[in-house]
Amino acid sequence: MKYNSTRDSGKSVTAAEAIAEGISPDGGLYIPESIPRFTEAELEALVELDYIGRAKAVLSRYLTDYTEEELDKCVRAAYTGSFESDCPAPLSRLRDGEYMLELWHGPTCAFKDLALQLLPRLLTVAVKKTGGGRTVILVATSGDTGKAALEGFSDVEGTEIIVFYPSDGVSDMQKLQMQTQRGENVEVCGIIGNFDDAQTGVKKIFTDKEFGERLAAKGMCFSSANSINWGRLVPQIVYYVSLYCELKRDGADLSSGFNVVVPTGNFGNILAAYYAKQMGVPIARLICASNENNVLTDFINTGVYDKNRPFHTTTSPSMDILVSSNLERLVYLLSGASDKINSELQSELSRKGSYRVSEQVLEALKADFSADWCSDEEASDTIKEYFSRYGYLMDTHTAVAAGVYKKYVERTGDTRTSVTVSTASPYKFTSAVLAALGVDCDGDGFEQAKRLEALTGTTAPQALMSLEGAELRFDGVRAAEEMKQVIAERLGL
Ligand SMILES: *Cc1c(COP(=O)(O)O)cnc(C)c1O
């Protein structure tokens, strides 16, 4: 399997090259030249396997230049011991036909762990294969990616990791998770600005030739742990394949397929669901759920992507995004894998902040995707409603998706089996969750967590509670314009 760039179909690299580089030098994203498909029999066979077996079956279709032995080693190391149980992506049934896919049982309590426990291992193999030097991972984070990447890369040989987060755009617990990160090869820096400022800064640095040369002179090269890296996306396809297997095992009604509802920011998670569908998993509708930063809702409903709008800081910060990087991969695919059409749209986006896709692309989009959004208040009501109705406690991001699902069913009457993707532990966002349950929430994150435990009878993850009293290693905040300088200082350039 070869990989093209979404801005240059003529460019053709191996999976290892795509993962080692992270982003194509032309500014495009690497994308597999075709989508492999499981036959029905192959899919059924996966039902009998454990998560590791399913992961190997999916990865081996995409990472064809990795040996079976290499994949086996990477996958086993990623998913053994670091998650709360043998299945890193367990299914929880709320009632017949309505499920939650829980993706937050890893070391940092958000779904990013599913990919970021594996990516460093895939990357280390990739760098060996491609003969690269010391790899510097640059991350822009809206909160969860940063910590998950830090955990994944901490003290991984041959790597340095530098994380930038919007200083006022993450929850207290998220900030504390990053500021207390252990490891000799890690750097964390808050910036004044929002996530898009951080992401734009990182993208600029990636394509800065002069800076790249300074780095190369020291025997180092950049790569990315954001979902622009294919090595981040491919592990996410696995849990949708595994989801199908778990639904089968639970005896769910799949006679007309099943819907998935995904709380969406950078469009990585839901794009993985789209790939799983193309691979043969019987997903019916892909329901894209946004918070008040509803640029994707408008795009999917009208075909116009327009980031020229106010940026809202919401109670679901990991979805406070106006430029969804991975949408570029979908736009490219739906435009008939046309690098020309996609490049024009992306250059319009950077020039004017908006673009419109053709009627044909819009139709293709609507054939698979539905979209809606929830305000903070609606999400909050949803937390309360699901807790009182099902005894199910969810975080603010998941609540956006559950709220959108409710509206979707009211609007369409589509009541087939549905799975809402649960992307973070409620204990990462205690103040908003407590407020939703109508409880006074003074005190720090730990006091709030204890309060939430007492109130709901659920247990806070040890990974979060153990941060209490941990040493603050990184509390610096810099201007967004200084990101390059931060990197230069850290690496001695
Ligand atoms: C990252 C994140 C999202 C958004 O996922 P994308 O792949 O960026 O669309 C949603 N919820 C949580 C908790 C997250 O950390």
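The values are calculated or read from the model by the stated rules, or taken from the named source; none is laboratory data. Predicted model only: the values in this text are computed from it and were never measured. We place every Cβ from the backbone using ideal geometry, glycine too, and count neighbours over all the protein chains shown.
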*Would a scan of the stretch 89-103 turn up a residue that is closer than 29 Å to Thr159 by Cα, within 16 Å of the ligand (Cβ to nearest atom) and touching a Lys or Arg at 6+ places or on another chain (Cβ under 9 Å)?*
yes
*Check the stretch 200-217 and report whether any residue there is touching a Pro at 6+ places or on another chain (Cβ under 8 Å), within 15 Å of the ligand (Cβ to nearest atom) and of a type in the set (A, V, I, L, M).*
no
*For the stretch 1-30, name all the residues that are outside any loop (DSSP other than H, G, I, E, B), touching a residue at least 40 places away in the same chain (Cβ under 8 Å) and polar (S, T, N, Q).*
Asn4, Ser5, Ser9
_Glu377, sole failed condition from (1) in a loop (DSSP other than H, G, I, E, B); (2) without any contact (Cβ under 8 Å) to a residue 24 or more places away in the chain; (3) away from the ligand (no atom under 16 Å from the Cβ)_ = (1)
*With respect to Met483, is the statement that it is more than 15 Å from the ligand (Cβ to nearest atom), over 22 Å from Ala273 (Cβ atoms) and surrounded by 20 or more Cβ atoms within 10 Å (Cβ to Cβ) true?*
yes
_Residue within the stretch 66-87 that is at negative phi, assigned to a loop (DSSP other than H, G, I, E, B) and in contact with a Ser or Thr (Cβ under 6 Å, 6 or more places away or on another chain) present_ = no
_Given the criteria at pLDDT 95 or above, more than 16 Å from Ala379 (Cα to Cα), within 16 Å of the ligand (Cβ to nearest atom) and among the aliphatic types (A, V, I, L, M), does Val404 qualify?_
no
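Sort through Thr264, Thr302 and tell me the only one that's more than 16 Å from the chain's Cα centre (by Cα) and either more than 16 Å from the ligand (Cβ to nearest atom) or at pLDDT 95 or above (or both).
Sole residue among the options that is more than 16 Å from the chain's Cα centre (by Cα) and either more than 16 Å from the ligand (Cβ to nearest atom) or at pLDDT 95 or above (or both): Thr302.
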*What are the pairs, 6+ residues apart or on separate chains, where a residue within the stretch 419-437 that is of a type in the set (D, E, K, R) has its Cβ under 6 Å from a residue that is assigned to a helix (DSSP H, G or I)?*
Lys428/Met173
_the stretch 312-322, residues that are away from the ligand (no atom under 11 Å from the Cβ) and crowded, with 18+ Cβ neighbours inside 10 Å_ = Thr314, Thr315, Leu322
*How many of the residues making up the stretch 104-129 are over 17 Å from the mean Cα position of the chain (by Cα) and either charged (D, E, K, R) or within 14 Å of the ligand (Cβ to nearest atom) (or both)?*
3
